[in-house]
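The values are calculated or read from the model by the stated rules, or taken from the named source; none is laboratory data. These figures come from a predicted structure and were not determined experimentally. Note that each Cβ is placed from the backbone with ideal geometry, even for glycine, and that neighbours are counted across all protein chains shown.
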Amino acid sequence: MNLNLNKPIVFFDLETTGIEITTDRIVEISMLKVFPDGTTESKTSRINPTIPIPPKVTKIHGISDEDVKDAPKFAEVAKDFAKFIEGCDLAGYNSDRFDVPMIAEEFLRAEVDFDIRKRKLIDVQVIFHKKEQRTLEAAYKFYCEKDLKDAHSAEADTMATYEVLKSQLDKYEDLQNDVNFLSGFSHHISSADFAAKIVYGKDKVEMFNFGKYKGQSVEDVFKKDPGYYSWMMNSDFPLYTKKILTEIKLRTAFNR
């Protein structure tokens, strides 16, 4: 089943130096843009992460320091990739928890604005786990009846994710072929930031989702404990989380 789209959607996958959003870096990125008429356009690049790739990670995706030593740094290609996804919704596999937060951090480090609030996000892994509980390789085998070759290469995983979502729409009658529906269905939690440190409560009020103020309004916390904002800004939280915190802080100050 082809996707029912009102605007383009970009499937993407990242290979990285590790899984820590704030400290690890991208080593390969692949994007597949699907247009409403079903045509596609792809963009793939190796990236010099500027930090060593641990041998145990190289064993997973097969990319070594030698492979990327002459590749561009992300800051050198960030604007090109940002332009590629401009005006598009986004989809990936485990993207809500990893790929989207990671690329948002890299864009911010490269000083390229990345506003997720204008996009719908679809995480194909969440749909799969809600329905079948498997890995991407198993999902590809189960839904597409094919073996996933070159697993853990960004390009192969990106194409497989696109094919899996189309097959999921064929298999499950209750899955609506609509980006708004799929975005909502494939989210674990409604959050203001990618790391889900700040989640939406009643009436879309931003609430802390961790620590001693968990469950409390961010605005209320900043009013009664102004130092908490400074502590978070000086701690090892993702840049996007700090961006959202600053927006709330400024909004709180102006609303006094």
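Tell me yes or no: at least one residue of region 225-244 is in contact with a Phe, Trp or Tyr (Cβ under 6 Å, 6 or more places away or on another chain) and in a helix (DSSP H, G or I). Let's see the steps before the verdict.
Our first condition is that a residue be in contact with a Phe, Trp or Tyr (Cβ under 6 Å, 6 or more places away or on another chain); within region 225-244, this holds for 229, 240.
Right, trim to in a helix (DSSP H, G or I) and you get 229, 240.
Looking for residues that are in contact with a Phe, Trp or Tyr (Cβ under 6 Å, 6 or more places away or on another chain) and in a helix (DSSP H, G or I), one finds at least one in region 225-244, hence yes.
Any residue at all in region 112-125 that is assigned to a helix (DSSP H, G or I), without any contact (Cβ under 8 Å) to a residue 60 or more places away in the chain and surrounded by fewer than 21 Cβ atoms within 10 Å (Cβ to Cβ)?
yes
Quick one: how many residues across region 201-220 are within 14 Å of ILE248 (Cα to Cα) and assigned to a helix (DSSP H, G or I)?
4
I need the full set of residues from region 60-94 which are within 18 Å of THR22 (Cβ to Cβ) and among the small types (Gly, Ala, Ser), in order please.
Those that are within 18 Å of THR22 (Cβ to Cβ) and among the small types (Gly, Ala, Ser): ALA75, ALA78.
Within region 195-218, is there a residue that is among the hydrophobic types (A, V, I, L, M, F, W, C) and in contact (Cβ under 8 Å) with a residue 60 or more places away in the chain?
Checked against the condition, which is being among the hydrophobic types (A, V, I, L, M, F, W, C) and in contact (Cβ under 8 Å) with a residue 60 or more places away in the chain, region 195-218 yields at least one hit.
Among all residue pairs at least 6 apart or on different chains, which show Cβ distances below 8 Å where the first residue, located in region 93-108, is touching a residue at least 40 places away in the same chain (Cβ under 8 Å) and the second is in a loop (DSSP other than H, G, I, E, B) and among the polar types (S, T, N, Q)?
Sorted first by the residue in region 93-108, then by its partner, the pairs are ASP96/SER186; GLU105/THR22.
Which of the residues that make up region 131-169 are among the acidic types (Asp, Glu) and out of contact with any helix residue (DSSP H, G or I) (no Cβ under 8 Å at 6 or more places or on another chain)? First the steps, then the outcome.
Let us first name the residues in region 131-169 that are among the acidic types (Asp, Glu), namely 132, 137, 145, 147, 150, 155, 157, 163.
GLU137, GLU145, GLU155, listed by residue number.
When you go through LEU245, LEU250 one by one, which is the residue that is surrounded by 15 or more Cβ atoms within 10 Å (Cβ to Cβ) and at negative phi? Explain how you work it out, then say what you get.
Working: LEU250 fails: surrounded by 15 or more Cβ atoms within 10 Å (Cβ to Cβ).
The conditions single out LEU245.
Could you say whether any residue in region 142-150 is within 30 Å of ILE63 (Cβ to Cβ), of a type in the set (Ser, Thr, Tyr) and either modelled with pLDDT of 95 or more or assigned to a strand (DSSP E or B) (or both)? Walk me through how you get there before you give the answer.
As a first pass, look at region 142-150 and keep what is within 30 Å of ILE63 (Cβ to Cβ): 142-150.
After this cut, where a residue has to be of a type in the set (Ser, Thr, Tyr) as well, the list is 143.
So of that shortlist, the ones also either modelled with pLDDT of 95 or more or assigned to a strand (DSSP E or B) (or both) come out as none.
No; the residues of region 142-150 include none that is within 30 Å of ILE63 (Cβ to Cβ), of a type in the set (Ser, Thr, Tyr) and either modelled with pLDDT of 95 or more or assigned to a strand (DSSP E or B) (or both).
On the basis of being loosely packed, with under 15 Cβ neighbours inside 10 Å, touching a Phe, Trp or Tyr at 6+ places or on another chain (Cβ under 7 Å), farther than 17 Å from ARG251 by Cβ and in the same structural domain as LEU136 (by TED's automatic domain parsing), does LYS171 make the cut? Don't jump to the end; show me each part of the working.
Working: loosely packed, with under 15 Cβ neighbours inside 10 Å: yes; touching a Phe, Trp or Tyr at 6+ places or on another chain (Cβ under 7 Å): yes; farther than 17 Å from ARG251 by Cβ: yes; in the same structural domain as LEU136 (by TED's automatic domain parsing): yes.
For LYS171, the condition - loosely packed, with under 15 Cβ neighbours inside 10 Å, touching a Phe, Trp or Tyr at 6+ places or on another chain (Cβ under 7 Å), farther than 17 Å from ARG251 by Cβ and in the same structural domain as LEU136 (by TED's automatic domain parsing) - is met.
What residue, among those in region 54-76 that are among the hydrophobic types (A, V, I, L, M, F, W, C) and over 24 Å from PHE194 (Cα atoms), is surrounded by the most Cβ atoms within 10 Å (Cβ to Cβ)? Spell out how you get there, then give the answer.
Applying the first criterion (among the hydrophobic types (A, V, I, L, M, F, W, C)) to region 54-76 yields 57, 60, 63, 68, 71, 74-75.
Now drop any that are not over 24 Å from PHE194 (Cα atoms), which leaves 60, 63, 68, 71.
Working: ILE60: 11, ILE63: 23, VAL68: 21, ALA71: 17.
Going through the qualifying residues, I end up with ILE63.
Could you identify the single residue in ALA139, ALA156 that is part of a helix (DSSP H, G or I), assigned by TED's automatic domain parsing to the domain that holds ASP89, crowded, with 18+ Cβ neighbours inside 10 Å and of a type outside the set (Val, Ile, Thr)?
Working: ALA156 fails: crowded, with 18+ Cβ neighbours inside 10 Å.
Matching residue, one of ALA139, ALA156: ALA139.
Considering only region 71-129, state which residues are of a type in the set (D, E, K, R) and either touching a helix residue (DSSP H, G or I) at 6+ places or on another chain (Cβ under 6 Å) or not assigned by TED's automatic domain parsing to the domain that holds TYR162 (or both).
Step one: list which residues in region 71-129 are of a type in the set (D, E, K, R), which gives 73, 76, 79-80, 83, 86, 89, 96-97, 99, 105-106, 109, 111, 113, 115, 117-120, 123.
Within region 71-129, ASP89, GLU105, GLU106, LYS120, ASP123 qualify.
Only one of THR23, THR17, THR44 is surrounded by fewer than 13 Cβ atoms within 10 Å (Cβ to Cβ) and not charged (D, E, K, R); which? Spell out the reasoning first.
On the way: THR17 fails: surrounded by fewer than 13 Cβ atoms within 10 Å (Cβ to Cβ); THR44 fails: surrounded by fewer than 13 Cβ atoms within 10 Å (Cβ to Cβ).
The match here is THR23.
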